[in-house]
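The values are calculated or read from the model by the stated rules, or taken from the named source; none is laboratory data. Quick caveat, the model's predicted, so the values are computed rather than measured. Cβ: placed from backbone, ideal geometry, glycine included. Neighbour counts: every protein chain shown. These accessible areas exclude ligands, DNA and RNA; they are computed on the full protein's heavy atoms, side chains included. Shrake-Rupley method; radii C 1.70, N 1.55, O 1.52, S 1.80 Å.
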Amino acid sequence: MDYAILTGAVLVTGVVLAIVAQWRKWRPSLLVVLAIGIGFRVLIMATSAIDTWQPVDFVNSFKPAGEAVLNRQDPVLGSNGGWHFLPTIPYVYGLLLWLGIPWEFAGRLVTVVADIVLIPLVGKLAGGEKASLRAFQYACNPLGILVASVHGQVEPVALVFGVAAFVVARGPGDPDREGLSASFTDFYHRGRAMLAEKGLGGSLRIVLTPHPGANRRAVYAGLLMGLALCAKSWPIWLIPGMLLLLPGVRARIVALICTGIPPLFFLVTLPIFAGTSLSQLPEVIRVIQDIRPIVGEWGYSAIIHEGFWTLDPPLAKFGTYLIYVTVVLVCLLWRRADPVDLTTAILLAFMVVTPRLGAQYLLWFMPFLVARPTRFAWPAIIGASLWAAIGYAWLTQWTAAEWSLRHSPWAMSSIVLLPILAAAMPWARRHAWRRRAAGATEGPHTSAAATP
C-alpha cells in the first residue's frame, strides 16, 4: 500500500473523534455526520484506487465476475470460480464497467455508497437521544472505512439491507413500550397460554389475524433481508432478530416468505441476464452453497496451522458444527433479550468460534455493537480494527516471500481478540427486554446496564 501513512492517520483520527464524541456527549447533525463519513470514505477510496497494490480477490474474483456479466456469462461459473454468491453484485459491477468507470473505482463505489447509507441507518437502529452520536461513531468506524474503501468487500452491501430490515421491522416509536417486539421466551409463553385458552383452532385464527400495519412492515423487512442475502449468505444469522421485531406469527411468516423472494428472483433470472443455461442452474446452486475449507488465518485454526492458509476439511467441518451449536446456545442464553442484542451476541459468538475468517467478517457485528454498545464494545472495535489495519496497511508493504513470513505471526495474534470479542457480548442485557416490558422508563433501545 503506497498510502499506508495517510490511511493510518485517517483511521486514528476516526477513532479519536468517536471516543471524544462519547466523552463530550456530542450530538452532531445528520449533515455533519454524513460530511465526515463521506469525506473519510471517498478520500481512502481515491488513494486506494490509484495505489500500485490492489487486493487479490478484488482483482482476480470481483472484477472477473463483473466482466462475466458484461459478456453475458455466468458470474458464478464463468469468473475463474471466484464468485460464490448470487449474481446481484456482479450485475452492478457489470453496469458500472459498461458505463466506462475504471474498475479500481467502480468496484469500490458499490461498497462505499452502501457504507455511507449505513451511517444514518445505525442511528435509526440506535434510536433515542443518542441516535446521532451512534451514527457519527459509525461514520468514524475504521473497519468500515477499510472494508468499503480499501478492500471493496461487499459486507457493507449486505449490512445496509440487513440493518434496514431491522429498522423497518421495528417500526416507529418505542417498540418495548408498544409491544412490537418480543423475546424468544415471550413468544413461547404467549403461544402456550393462547393454546391453553383458545385451543388450536382459536389460536390459529388469532395468530393469522393481521396486526395493523404489520403485514406491510413484514413485506418490506423481508424483501430487504432477502436483498442482504443476495449480497452474501451470512446475513442468515440476522433473520431471527428481524423476525422477533415483528408483531405476531402472521407477520413473521410473511417476512420469512418475502425474504426468499429476492434470492430466488436473481437465481432464476440468470438465464435472462447472464446467459446461464437451465442445465447449469443446479451447478450454480451447488457452488453457492459450497463452504470452502480454507482455514489458518484466525483464532484457534491459526494456532493449529501456525498462521498459514490451508485446506483442512475436517477442521472446517468441526468449526461449522461448533458454530451451529454455539448459535443455539446463544439463542437460549439471550432468549429474553432485545432482538438487536440477540443479533449482536450471535455475530460476536460466531467470530469467537469460527475456524475461517477474513478481516471483512469483523464488520458484521459493527453496526449492531455501535448502535447498542456494551461495556467492552470499544476495546472490541479498536482491537478488531487494529488487527485488520495491520493486515491491510502494514503487511502489504512487503513482497510475497516477506509477506508470508510476517503474515503468520499476524494471523496467530488474532487469538488475543477472542476473549475481547466474547467480553463485548451484551451479557448484562440478557434479560433487558423483560425488564423494559415490565415498565422501565428508559429511552428507546437503551439500557442502564453497561451502555456507555
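Here are some notes:
- Rounded tilt (10° steps) of 88-98 against the dominant C-alpha axis of the chain: 40 degrees
- Per residue, the chain exposes an accessible area of 42 Å² to a 1.4 Å probe, with every protein chain left in place.
- Taking the inverse of the mean 1/r over every pair of distinct Cα atoms in the chain gives a Kirkwood hydrodynamic radius of 22.7 Å.
- Apportionment of accessible area to carbon and sulfur, the chain, percent (1.4 Å): 70 percent
- Virtual paramagnetic centre 7 Å along Cα→Cβ of Asp51, amide N under 15 Å, in the range 356-393: 359-360, 386-393
- Tilt relative to the chain, helix 339-353 - C-alpha long axis, 0 to 90 degrees, to 10: 40 degrees
- Förster radius 41 Å - calculated FRET efficiency between Val59 and Leu264, Cβ distance, rounded to 0.05: 0.85
- In sequence order, the range 399-413 has phi-based couplings of 6, 4, 5, 5, 4, 4, 5, 7, 5, 4, x, 4, 4, 5, 5 Hz under the Karplus curve 6.51 cos²θ - 1.76 cosθ + 1.60, θ = phi - 60°, and Gly or Pro positions carry x.
- Charges were assigned to the Cβ only: +1 to each Lys and Arg, -1 to each Asp and Glu. The resulting dipole of the chain about its Cα centre is roughly 1780 debye.
- Kirkwood Rh and Cα Rg combined as Rg over Rh, evaluated for the range 311-385: 1.00
- Angle in degrees between helix 377-389 and the longest Cα principal axis of the chain, rounded to the nearest 10: 20 degrees
- Burial order of peptide ranges 410-423, 113-126 (average beta-carbon count within 10 Å, highest first): 113-126, 410-423
- Segment Ile236..Ile38, full-extension length gain: 68.4 nm, with 0.36 nm per residue of separation and the alpha-carbon distance subtracted.
- Listed pairs Lys124/Lys317; Lys63/Lys124; Lys63/Lys232 exceeding 28 Å between Cα atoms: Lys124/Lys317; Lys63/Lys124
- Note on Asn215 and Ile390: the model spin-label points, each 7 Å out from Cα along the C-beta direction, lie 5.5 nm apart.
- Using the Cβ-Cβ distance between Cys331 and Arg375 with R0 set to 25 Å, the FRET efficiency works out to roughly 0.70.
- Mean ellipticity per residue at 222 nm, deg cm²/dmol - from DSSP H runs of n ≥ 4 across the chain, formula -39500 (n - 2.57): -19500 deg cm²/dmol
- Dipole of the chain [Lys/Arg +1, Asp/Glu -1 at C-beta], most positive-end residue of Gly128, Pro367, Val42: Gly128
- What the phi angles of the range 360-366 give under the Karplus curve with 6.51, -1.76 and 1.60, with θ = phi - 60°, is a coupling list of 5, 4, 5, 7, 3, 8, 4 Hz, glycine and proline written as x.
- Spin-label proximity, His84 to the range 45-71 - amide N less than 15 Å from point 7 Å beyond Cα toward beta carbon: 57-58, 61-62
- Spin-label pair Ile19/Gln397, simplified geometry with 7 Å Cα→Cβ offset, distance in nm: 2.2 nm
- Pairwise centroid distance, computed over Cα atoms, of the range 1-53 with the range 222-260, Å: 32 Å
- Computed E for Ser29/Ala9 - FRET, C-beta separation, R0 25 angstrom, nearest 0.05: 0.50
- In order along the range 4-21, phi translates into HN-Hα couplings of 4, 5, 4, 4, x, 5, 5, 5, 5, 4, x, 5, 4, 4, 5, 6, 5, 4 Hz, rounded to whole numbers, per the Karplus curve 6.51 cos²θ - 1.76 cosθ + 1.60 with θ = phi - 60° and x for Gly and Pro.
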